[in-house]
Amino acid sequence: MSLTTLGLELPTDPRWVNIAAMQIGDVLIDHAYCEQKAASSCISLIVHYPEKPKIVETLTPIVAEEWGHFQAVLKELRKRNIPLGRQRKDEYVGQLLKLVRNKGDYEEALLDRLLICALIEARSCERFKLLSESLEDPSLQKFYRELMISEAGHYRTFIELAEEYIPQDLVRNRWKELLYEEAEIIKTLKPRGDRIH
Ligand SMILES: [Fe+2]
Ligand SMILES: [Fe+2]
């Protein structure tokens, strides 16, 4: 999975995975909440757009899949006797959500919500790949490799959903803008070894 395939403009700072490997318990806790949020943002899209059957039909099984990921992370925590603990502030996602244009046009808001989900999937996929290649524990390597493949599929699904409802040139232009913004966010946030993002 290369950056070009994912579309991302800025690769993760190579130091991130080394510090993450040293704090894998914290990474797993943060990761558990990422999966929970992935499931709940799909539920939220289903609740907001019930008149769009493709959204409802495509995202319903993804809710189950993301919840399965959450359960899988819980299992990894349990194996290591690490309690889940409380959710930490997610600055990366918080800043991305500020980019949603939700004051005016209904279609704009839908487009932004779908593309931001795609961005989060793409960045998670990139980081899972780094974890799968760098962690020493073979079971975690396999775990992150499988998740990387799954999130890459979700990334494509969100882009396809956007193209289903919004004209392609609008999707493409907004995607370019958001890729730029995402790279800016990544640049300003210091790489944190206790977080997925
Ligand atoms: Fe997931
Ligand atoms: Fe996902």
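Checked against the criterion of being surrounded by fewer than 18 Cβ atoms within 10 Å (Cβ to Cβ), part of a helix (DSSP H, G or I) and acidic (Asp, Glu), the candidates 76, 57, 35, 9 yield just one match: 57. Taking the listed residues 135, 119, 161, 114, the one that is closer than 18 Å to residue 191 by Cα and either within 15 Å of ligand 2 (Cβ to nearest atom) or in contact with a strand residue (DSSP E or B) (Cβ under 6 Å, 6 or more places away or on another chain) (or both) is 119, with no other qualifying. Does residue 64 qualify as being assigned to a helix (DSSP H, G or I) and either modelled with pLDDT under 95 or open to solvent by less than 10 Å² (accessible area, probe 1.4 Å) (or both)? No: the conditions fail for residue 64. Within segment 31-60, the set of residues being within 14 Å of residue 161 (Cα to Cα) and either touching a helix residue (DSSP H, G or I) at 6+ places or on another chain (Cβ under 6 Å) or within 16 Å of ligand 2 (Cβ to nearest atom) (or both) comprises 42, 45, 46, 49, 54, 55, 56, 58, 59, 60. Of all the criteria given as (1) among the polar types (S, T, N, Q); (2) open to solvent by 50 Å² or more (accessible area, probe 1.4 Å); (3) in a helix (DSSP H, G or I), the one not satisfied by residue 102 is (3).
In segment 134-150, the residues that are touching a residue at least 12 places away in the same chain (Cβ under 8 Å) form Cβ pairs under 8 Å with partners that are open to solvent by less than 60 Å² (accessible area, probe 1.4 Å) and of a type in the set (Asp, Glu), at six or more places apart or across chains, as follows: 140/76; 143/76.
Considering the conditions (1) modelled with pLDDT of 95 or more; (2) closer than 21 Å to residue 11 by Cα, residue 194 is excluded by exactly one of them, (1).
Going residue by residue through segment 70-79, is there one that turns out to be touching a Gly at 6+ places or on another chain (Cβ under 8 Å) and modelled with pLDDT of 95 or more? Looking through segment 70-79, at least one residue is touching a Gly at 6+ places or on another chain (Cβ under 8 Å) and modelled with pLDDT of 95 or more.
The values are calculated or read from the model by the stated rules, or taken from the named source; none is laboratory data. These figures come from a predicted structure and were not determined experimentally. Every residue, glycine among them, receives a Cβ derived from its backbone with ideal geometry; neighbour counts consider all protein chains shown. Side chains included, ligands, DNA and RNA excluded: accessible areas come from the protein's heavy atoms. Shrake-Rupley method; radii C 1.70, N 1.55, O 1.52, S 1.80 Å.
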